[in-house]
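Every number in this text was worked out from the coordinates using simple rules, so none of it is lab data. For clarity, every value in this text was computed on a predicted model and none was experimentally measured. Don't worry about glycine lacking a Cβ; one is built from the backbone with ideal geometry, like all the others, and counts go over all protein chains shown.
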Amino acid sequence: MALRLLCGLTLAAMMAPAVAVAQVNDFGVGGILDIPSARMNPEDELTVTYSRKDVADIYAIGYQVLPRLEASFRYSVNNARKLSPVPGTECEFGTGPSYGCDDNRDRSFEAKLKLLEESEYLPDVSVGIRDLLGTGQWGAEYLVASKRIGENLDVTAGIGWGRLAERSVASNPLIQLDPAFAVRDTDFGLGGTFSFKSFFRGPDIGAFGGIRYRIPQWRVDLLAAYNSDSYERERRLNTIPDADPLSFGVEWEATPGVRLAASWQQGNQFAIKISAALNTGQTSPRKRPNGFGAARVPLEPATEFERGVEWWPRMVQDAEASGVLVREVKESPQGSLQVRYVNQTFQEEADAVRRVLTLTELYVPTRVTEVLATGESMGLPTHTVRYRRPNLESSALLQQPGRIELLPPQTIEAPDHVRDFRYPNGALSVGLQARAYLMDPSFPLLYQISAVVDGAVDLGGGWGVNGRWVQNLKSQFDRIERDGDSQLPPVRSDLKKYLQQGKSGIDSLALVKRGKLRDDLYYQMYGGILEEMYSGVGGEILWRPFDQPFAIGANLNGVVQREYDKGFGVLDYQTVTGHVSFYWATPFRNIDVAVHAGRYLAKDIGATLEIQKRFSNGWSVGAFATLTDVPFEVFGEGSFDKGLIFRIPFDLYSTKNTRGAYRTIIRSINRDGGRMLDNWPGSLWENSRGTMADQLRRNEHRMPPE
């Protein structure tokens, strides 16, 4: 599951600036070998971990959500190199053959909260739940402390419940509060829900601990751990013959952000681990424009254009060379210049503003005293930046910074100059795409490599056509064996058929109209092949007050399911789906919250809660959960729809400015309940989020001209 992200993040971590290196355990949270510690990473640190040993291969994605809150999602492939017992023998608990009987595939979430910060005399103290949402296979809870001794030695000790109490040392102290804590529920049903009757319960507790000794000159840590998990389940299934509590290992910091580890665990198995880390909240480096543009022009010549030289063509040319499209300008007798621009290459909108203002300083005559730069997103004006120019007649030009002010988007009436466009006009791009199929019971990761042709045609007046063709180059999707077993209409569980019968085909081909009903009310209408599995028509409206942290939207779509070959044909299933959405850009640590309520593709009614940490550098990391009127037993395995959201910007890891990004949603299981259309609902908010006032104001320091 995480292997694709692991490779990508490993490369990104090697290219990124040095960061505090994550010291995670085999489960992808702060720890030593296979035990947890109280340690946490810097806020916004993302880690991807792969650990390999006889008990299980574990793929984990960890994230430091808040300074004191760490979370991890993982997929475990038990007994990965012995997938089935000896043919002809019967597997039963405690009596299985020598090859072992464990073929389980497990998905689970872990959360850890820091209760106490380390000081001179006190340790870090954290509490965690290892299987917060899952089947309970790794079910354990713990209270753990970690303390540094000197510069290089870090000592950890803790107590545990559940699996971490298998080597018991005392009775569960919580029984003194309530006798119900003596009984631990082991029935997790369909999984995917909170099992409150198991957390911190059971008759006993265990004790675990470990040490990490740093050898700085070698970038090496020596590790030792005592684990109170006796691996009773795996021993019953003959995955391992026995389990010693002691494990030893060595961990090497290969490069900032990447760590490799080798260890001898449970006295019977060799283990390896690789982890990659990067900080999603890091500041974007400011880069020179992609083209030569105005970067080579000295900052004096604005006055020469007052002698009859036309400044508009040169400004437009340099703007396009440096990644900004200037559409039109208008000068007022009062000395104000309105400029409408489109950011084509800069990940951060503030950098595009800076480029526009720099060009005005270079080329616009000195009689202009202020610039009103209005930016667009999806062809719709979203914001205006007012820049009051310094005194250009002063010899101390560079020592007199102008003033920046944010305003609602301005409309240019009867512009003086308009960039000459012929309609229709368009663009075509060809690239490669890697697609993963995750967490299949037989194959944790399958992939397809395709050539992708993206096309966009601007018809003028807010009308356009967008499309994508995918041409298969290499696919492993024929290996997919598992069919959907849903009791609901197969609105998503038929994905296997699309992957196998539609390896090449039309991903999307839609006619779109976008516009504004008033200054703060945006709309879009669309029709055609909307996504891989659905064609139809629909529309979305978004009320987004400029200087407010919230927005309200609604969408309505009539769709029909496509044929599996991803051509123009359709199947019998059709439905109407739509949602009302509330978006809130909270002032709390870059967190955005969204709630969508309405009717989903399987005709179920419910709501989705979505929480994302969104950064101006382009990164976004979040999670969502959907509850509808579909009972858990009808939904099936996993109980309800949930998953993780990632948007990875290319700009941070490229030498050139780019707005490109990879966006993906990782679900623990692909079911039919609580599923929306892809791409369209919410796209007005999602694609214009970087131009909202809070994001612009946060990066106002990047706007003044060079």
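Results, tabulated for the structure shown:
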| item | result |
| --- | --- |
| P(r) histogram, all alpha-carbon pairs of segment 553-623 included - 10 Å bins from 0, percent | 18, 32, 27, 20, 3 |
| Protection-proxy order for peptides 445-457, 310-322, 340-352, each taking the mean of Cβ atoms within 10 Å per residue, highest first | 340-352, 310-322, 445-457 |
| Under-5 Å amide H pairs with LEU459, H placed in peptide plane, nonlocal only | GLY464, VAL465 |
| Loop trypsin sites (Lys or Arg not before Pro), segment 584-651 (other Cβ atoms within 10 Å of the site Cβ: 14 or fewer; DSSP) | ARG589 |
| All lysines inside 26 Å of LYS603 as judged from Cα atoms, apart from same-chain residues fewer than 8 positions distant | LYS496, LYS497, LYS566, LYS642 |
| Sorted peptide list for 411-419, 363-371, criterion being average Cβ within 10 angstrom, highest first | 363-371, 411-419 |
| Ranked by how many other beta carbons lie within 10 Å on average, peptides 160-169, 467-476 from highest | 160-169, 467-476 |
| Column: log10 I(q)/I(0), Debye, Cα scatterers of segment 141-250, q = 0.10, 0.13, 0.14, 0.16 Å⁻¹ | -0.40, -0.63, -0.71, -0.85 |
| Whole-number D in µm²/s for segment 619-706 (Stokes-Einstein; Kirkwood sum over Cα pairs; 10 °C, 1.306 mPa s) | 99 µm²/s |
| Normalised convex hull volume, the chain, alpha-carbon set, Å³ per residue | 180 Å³ |
| J(HN,Hα) series, segment 624-631, from Karplus relation 6.51 cos²θ - 1.76 cosθ + 1.60, nearest Hz, glycine and proline x | 9, 8, 10, 10, 10, 7, 7, x |
| Residues LEU69, LEU177, sorted so that the one with the fewest Cβ neighbours within 10 Å comes first | LEU177, LEU69 |
| Using alpha-carbon coordinates, inclination of helix 349-363 to the longest axis of the chain, degrees | 20 degrees |
| Residues GLU328, GLU637, GLU117, GLU45, sorted so that the one with the fewest Cβ neighbours within 10 Å comes first | GLU117, GLU637, GLU328, GLU45 |
| Segment 536-670: radius of gyration and largest Cα-Cα distance (Dmax), Å | 17.5, 51 |
| Between 0 and 90°, nearest 10: helix 312-321 axis offset from the chain longest Cα axis | 20 degrees |
